[in-house]
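Readers should treat all values here as calculations from the given coordinates under stated rules, not as data from a laboratory. Because the structure is a prediction, the values reported are computed rather than measured. Counting neighbours? That spans all protein chains shown, and the Cβs are built from the backbone with ideal geometry, glycine included.
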Amino acid sequence: MQIIHADIVYSEDREHLAVHPDSYIAVEKEKVKGIWPVLPEEYKSAPLTDYGDGVLIPALSDLHVHAPQYLNRGLEMDLLLADWLDQCTFPMEAKYADPEFAKLAYDAFVDDMIANGTMHACVYGTIHSEATSYLIERMDQKGIKGFVGKINMDRSAPDDLREDPDESIRETEIFLEKYSKNRNTRPILTPRFAPTCTRELINGLGKLGRKYNAAMQTHLVESLWEAEQARLLFPECSCDTEIYERAGLMENGPVIGGHFIFPSEDDIRIMKKYDCYAVHCPDATISVIAGIMKTGTLLDRGLKIGLGSDISAGHHIGVYTQAARAVQLSKLKQFYEPDDNRKITFPEAFWMATKQSGKLFGGTGSLEPGAVFDALVIDGLSDAARKLTPEQVVERFCYIGTKENIKARYMNGEVLFG
Ligand SMILES: [Zn+2]
């Protein structure tokens, strides 16, 4: 048992933050036991860590991030999706054929993710088995709860990134076999998206999904170009999402669909039917995708939505920045297309980055009793002339905070050092 004193903020529900100023939280083993304004007598002998005015919040979840593109962050952001893939993304991903290069890049990626408060993530690797194996082993060893996928693509990619479908399936099965019993970070099927995958490949992944009860991540109705390609290449399907449904990929582990910016009614129906997550990646939307998710409308229709940094279509690895950007974009969407969206509130954005997404990773993303204690202490955001309330500290952190504002990080109830 340990006790932490701080201001405590987490999502009560989609619309409300739970705020416990100047309070004590008890953590037993890896779970929250309770929160009190005055420490109960029975806990007074337990070790106490006092963060004073620091604000304790849940650690963040990144539901869409490309680890190999970490080295491209903040570069070539003036391109749009198809050109950006050809000129920026694919040449970088090809470099991961070299395991030594991959190791150097992935060590930096994982460290920076944790430094920025992300402890749960759905991560894309590349087509390369050795490099992607290093990534999943590294994340698992660091305790990050989540998923890593070896990307599959067998068409419309450069020669050095285009797989033979049989070999792609074989390598993916070895990856699933090897890491399905991982404690923290598990494998996920990752067909990149409709334009780079044949029906043969997607059906093969469907068989693996059933055999291993595997989760699946991909990009869904990401841009008008991608949605159109999906319709052209898979004319038997009414929408992008149906491509994966027909292969049986929606019926196994969790399904995480990146972007979901131009969904048809059929896309929405299928995602809701299988209780899938759509991922809003605001910076990526601004930089290379050029479309805005109708977040408010989709939330009101009961779709599960999380947030993603989408490195390197997005440029900042901190998911907290994406919570702020999600609010900003929802206002733009409402302004330009008032019939198609309502703006979201800051508590809704924070909930997407924490409690809503945390359900994917075994009951974390909250500080309520029973939650797995993955948490951050943030500080240094008030002004000398204006002391902020705890909830204002959280909002300001998402708008102008940096990793330097994270004073402590807890994973599974234990403080991380260094
Ligand atoms: Zn992506």
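Mind counting lysine pairs for me in the stretch 1-129? Cα separation below 25 Å, and the two need to be 8 or more apart along the chain or on different chains.
Counting lysine pairs in the stretch 1-129 gives 4.
What trypsin sites (Lys or Arg not before Pro) in the stretch 1-101 are in a loop by DSSP, with at most 13 other Cβ atoms within 10 Å of the Cβ?
Taking the stretch 1-101 and a limit of 13 other Cβ atoms within 10 Å, the loop trypsin sites (Lys or Arg not before Pro) found are LYS29, LYS44.
Long-range amide H contacts for LYS31: which residues qualify at under 5 Å (H placed 1.01 Å from N, peptide plane, sequence gap of 5 or more or a different chain)?
For LYS31, whose amide H was placed from the backbone, the distant partners under 5 Å are PHE373.
Which loop GluC sites (Glu not before Pro) in the stretch 184-263, with loop taken from DSSP, have no more than 11 other Cβ atoms within 10 angstrom of their Cβ?
Answer in residue order: GLU236.
Treating only the Cβ atoms of Lys and Arg (+1) and Asp and Glu (-1) as charged, compute the dipole magnitude of the stretch 60-361 about its Cα centre; round to the nearest 20 debye.
The dipole magnitude comes to about 1340 debye.
Name the long-range amide H neighbours of LYS304: under 5 Å, sequence gap of 5 or more, or other chain; modelled H, no Pro or chain starts.
For LYS304, the qualifying residues are ALA278.
Net charge near LYS407: determine it from the other residues with C-beta under 14 Å of the C-beta of LYS407, scoring Lys and Arg +1 and Asp and Glu -1.
Its environment carries a net charge of -3.
Just want to confirm a number: the relative contact order over the stretch 60-361, from Cα pairs under 8 angstrom separated by 6+ residues, in percent.
Computed value for the stretch 60-361: 19 percent relative contact order.
To the nearest 0.05, what FRET efficiency results for ASP340 and GLU76 with a Förster distance of 35 Å applied to their C-beta separation?
0.70
If you take every residue apart from PRO21 with its C-beta less than 12 Å away from the C-beta of PRO21, what net charge results, scoring Lys and Arg +1 and Asp and Glu -1?
Summing Lys and Arg as +1 and Asp and Glu as -1 gives -3.
Rg and Dmax of the chain, using alpha carbons, in Å: what are they?
21.0, 68
Kindly write out, for the stretch 342-355 in residue order, the coupling ³J(HN,Hα) from the Karplus curve 6.51 cos²θ - 1.76 cosθ + 1.60 (θ = phi - 60°), rounded to whole Hz, with x marking Gly and Pro.
10, 5, 9, 9, 4, x, 5, 5, 5, 4, 5, 7, 10, 5
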